[in-house]
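> If you scroll down you'll find the structure; I have some questions about it.
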Amino acid sequence: MDDEPLVRWYWIGDHLGYLGGLLADHAVIALVPVLIGLLLALPLGLACARFPRLYQPLAAVFNIVYALPSLAVFVVLIPYTGLATRATVMIPLTFYALAVLLPTTVDGLRAVPEPVRQAATAMGYGPWHRLAAVELPASVPYLVAGVRVAAVSSISLASVGALVGRGGLGYLFIDGFQRTFPTPIVAGIVLIAVLALATDVVLVTARRLLAPWAVREKAVTR
Amino acid sequence: MNWLSWLSDFIGSPDRRSGPDSILNRIAEHLALSAEALFYASLLAIPLGLLIGYTGRGVTFVTATAGATRALPTLGLVTLAVLLAGVGDTAVLLPLVALAAPPLLVAAVEGVRDTDPDVRDAARGVGMTHRQVLLGVCLPSALPALLAGLRTATVQVIATATVAAYVGLGGLGRYVIDGLATRDYAVTVGGALLVVLLAVAAQLFFALLARYALPPGIRAQRRPD
C-alpha cells in the first residue's frame with residue numbers, strides 16, 4: 001500500500017466496459033425500488049390523508065423500518081430470496097423508499113389549501129377528477145422532494161448489497177479491499193456520487209416541468 | 001433448517017456466553033464504537049451548527065452539503081479509509097463521524113433558526129449578550145431538534161458500524177460477516193436480528209428521551225413530527 005497511488009488511471013481505462021455494466025446494474029438495483037415505492041406511496045398516502053387514524057400507526061411502523069440496518073435486513077431475506085440475487089437487495093430498498101415517501105405524500109396532500117379544494121368542487125370536479133387534476137399536481141413539489149431523498153439514499157445503500165453478493169458498484173469496494181488496491185474503491189465512490197447527482201438533476205428538471213409554479217420545494221426531514 | 005433452530009443454534013453455542021465472541025461483548029463493542037463516533041461528531045457539529053444558525057451565515061451551504069453527503073457510500077468510505085490508514089479504530093471512526101455529523105449540523109442550525117424571533121428580540125431587549133441569548137435562549141429551544149438529529153445520527157451509525165465489521169472490526173457485524181464467510185446462517189441471522197434489536201432499542205430510547213427528558217416548557221411547544 002505504501003507506493004500504491006490512490007488512483008491508477010490505466011486500470012480505469014482498461015475497465016470502462018466493466019464499470020459501465022456495474023453502473024447500469026447499480027442504477028436498476030437502486031432506482032427501480034424507488035419507483036415501486038412511489039407507486040405504493042401514492043395510494044397509501046391517499047388513504048392516510050383521508051383517514052388520519054390510519055396514518056399514526058403506519059408512520060410509526062415505517063419510522064422503525066427506516067431505522068433497520070440494511071445489511072441486517074438483506075441477510076434476513078437471504079433464505080427466502082437467495083444469495084446474490086437482485087431481489088434480496090431490492091425488496092428492502094423498496095421499503096426504505098416507502099418509509100421516506102409515505103410521509104412526504106401525506107404532507108403534500110395535506111398542504112393543498114382548503115379553498116383550492118373547495119373551488120375545485122364548486123367548479124364541478126368529482127372526487128377522482130379533483131384528485132388527478134388538482135390535488136396531485138399541487139403536491140408535486142413535496143413528492144419530488146421526497147423522491148430526491150429516497151433516490152439518493154437508495155443509490156448509496158445499494159452498495160451495501162455487495163456484502164451479500166449483489167451491490168452493483170459496491171462490488172468495487174470489496175474487490176479493491178481484498179486486493180489492497182484503492183483504484184476500484186475510488187472509482188466506485190465517484191461513480192455512485194455521479195449517479196446520485198445525475199438522478200438529482202433529472203428529478204429537479206422533472207419538477208420544473210411538472211410544477212413550474214413551485215419556486216422552492218419543501219424540505220424533507222430525514 | 002428454520003428460524004427457531006437457527007436461533008437456538010446461535011444462542012446455544014458456548015461461544016455466545018463468554019469470550020470475545022459472546023453476545024454481551026459484541027454488543028459492548030458495537031455500542032462503544034458507535035458512542036465514540038457520535039461523541040466526536042457532536043463535538044464537531046453541534047457548536048458549529050449553533051453558531052451558523054445564530055449568525056445565519058453559511059446556512060445554504062450547510063443544507064446543500066448535508067444533502068450531498070447522503071450520496072456517500074459508507075462501505076466505500078470504510079474500505080478506502082482502512083486501505084489508506086491501516087486497520088484500526090481511527091480508520092473506521094473517520095467515515096462514521098463523517099456520516100453522523102451532517103444530520104447533527106442541520107439539526108443544530110434549524111433548531112436555532114426556528115427559535116421564535118420575538119423571544120430572541122425580547123432576550124436582547126432585557127440586556128442579554130449574544131452569548132447569553134445563544135446559550136440561554138436559542139440552545140434550549142433547539143433541544144427537540146437536536147434530539148431528533150441525534151436520533152437520526154445514532155441510527156445511521158449503529159447501522160454502519162455493522163458494515164465496519166467487514167474490514168475486521170468487532171461489534172455485532174462480526175456475526176453477520178463471519179457467518180456469511182463460513183456459510184453459517186445461524187450466526188449470520190442471529191447477528192442480523194441482534195443489530196435490528198439494537199437499532200429499535202436506540203429508537204425507543206430517543207423517543208423516551210424526547211418525551212421525558214426535555215424541559216417542560218420546551219415539551220409543550222414541540223411540534224408533532
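Values in this text are rule-based calculations from the coordinates and carry no lab data. All of these numbers come straight from a predicted model, not from anything done at the bench. So basically every Cβ, Gly included, is an ideal-geometry build from the backbone, and we count neighbours across all protein chains shown.
> Efficiency by 1/(1 + (r/R0)^6): what FRET value for B:Phe205 and A:Ala87, r their Cβ-Cβ distance, R0 = 35 Å, to the nearest 0.05?
Details: r = 33 Å, r/R0 = 0.94.
Efficiency, rounded to the nearest 0.05: 0.60.
> Would you grab the residues whose amide H sits under 5 Å from the one on A:Arg8? Only those 5+ places off in sequence or on another chain, please, with H modelled 1.01 Å from N.
A:Thr183
> Follow-up question, since we're still on this one. Packing-wise, with mean Cβ within 10 Å as the measure, how do B:144-153, B:98-107, A:131-140, A:49-58 rank, highest first? Before the final figure, lay out the partial values.
On the way: B:144-153: 21.9, B:98-107: 24.4, A:131-140: 17.4, A:49-58: 12.9.
Highest to lowest by the protection proxy: B:98-107, B:144-153, A:131-140, A:49-58.
> Can you pull the one-decimal nm distance between simple spin-label points at A:Val28 and B:Thr60, each 7 Å off the Cα toward Cβ?
4.1 nm
> Based on alpha-carbon centroids, what's the gap between the range A:138-187 and the range B:1-53 in Å, whole number please?
Their Cα centres are 23 Å away from one another.
> Sticking with this one: What whole-number distance in Å separates the alpha-carbon centres of the range B:124-203 and the range A:55-80?
Spelled out, the Cα-based centre of one part sits 16 Å from the other.
> Something else about it: In Å, what Rg and Dmax follow from the Cα atoms of chain A?
Considering chain A through its Cα atoms, Rg and Dmax are 20.5, 75 Å.
> Continuing with the same structure: For chain B, what mean projected area does the convex hull of the alpha carbons give, in nm²?
Working: hull surface 59.1 nm².
The orientation-averaged projected area of the Cα hull of chain B comes to 14.8 nm².
> Go through B:167-175, A:38-46 and give me the packing order, highest mean Cβ count within 10 Å leading.
On the way: B:167-175: 23.3, A:38-46: 18.6.
Order by mean packing, descending: B:167-175, A:38-46.
> Kindly list the residues of the range A:88-125 that lie in the label zone of A:Leu35, defined by a backbone N under 20 Å from the point 7 Å along the Cα-to-C-beta vector.
So the set is A:88-102.
> While we're on this one: Go ahead and set up a Gaussian network model of chain A, Cα springs under 10 Å, then flag whichever of A:Arg166, A:Arg207, A:Arg179 fluctuates most.
It is A:Arg179.
> May I ask for the Rg/Rh ratio of the range A:33-74, computed from Cα atoms with Rh as the Kirkwood radius, given to two decimals? Each step should come with its number before you reach the end.
On the way: Rg = 12.0 Å, Rh = 11.5 Å.
Result: Rg/Rh = 1.05.
> Shifting gears a bit: Per-residue Cβ counts within 10 Å, from other chains only, averaged over A:158-164: what number is that?
Numbers: counts 1, 6, 9, 1, 5, 9, 3.
So the per-residue partner count for this stretch is 5.
> Between B:Leu214 and A:Arg50, what FRET efficiency follows from the Cβ-Cβ distance if R0 is 41 Å, with the result rounded to 0.05? Spell out each step's value before the answer.
Working: r = 33 Å, r/R0 = 0.80.
Once rounded, the FRET efficiency stands at 0.80.
> Sticking with this one: About its Cα centre, how strong a charge dipole does the range A:9-210 have in debye, to the nearest 20, once Lys and Arg get +1 and Asp and Glu get -1 at the Cβ?
Value, rounded to 20: 440 debye.
> Let me ask another. How are the C-alpha pair distances of the range B:36-155 spread across 10 Å bins, as whole percents from the shortest bin up?
14, 39, 28, 13, 5, 1
> Need one number: convex hull volume per residue for the protein assembly as shown, Cα atoms only, in Å³. Before the final figure, lay out the partial values.
Values: hull volume 78.2 nm³, N = 447.
Roughly 175 Å³ of hull volume per residue.
> Compute log10 of I(q)/I(0) for the range B:147-195 with the Debye formula, placing one identical point scatterer on every Cα and leaving out solvent, at q = 0.28 Å⁻¹, to two decimals.
So the normalised log intensities work out to -0.93.
> Can you figure out the FRET efficiency of B:Leu24 with B:Arg183, using R₀ = 25 Å and their beta-carbon distance, to the nearest 0.05? Don't skip to the end; give the middle numbers.
Details: r = 26 Å, r/R0 = 1.03.
It comes out at approximately 0.45.
> Across peptide B:61-74, how many C-beta atoms of other chains are within 10 Å of each residue C-beta, on average? List each step's numbers first, then the result.
Details: counts 0, 0, 1, 0, 0, 0, 7, 5, 2, 10, 14, 7, 20, 6.
Averaged over the peptide's residues, the number is 5.
> Go from 0 up to the bin containing the longest alpha carbon distance in the range A:1-55, width 10 Å each, and give me the % of pairs per bin.
Here the calculated profile for the range A:1-55 is 19, 22, 20, 15, 12, 11, 1.
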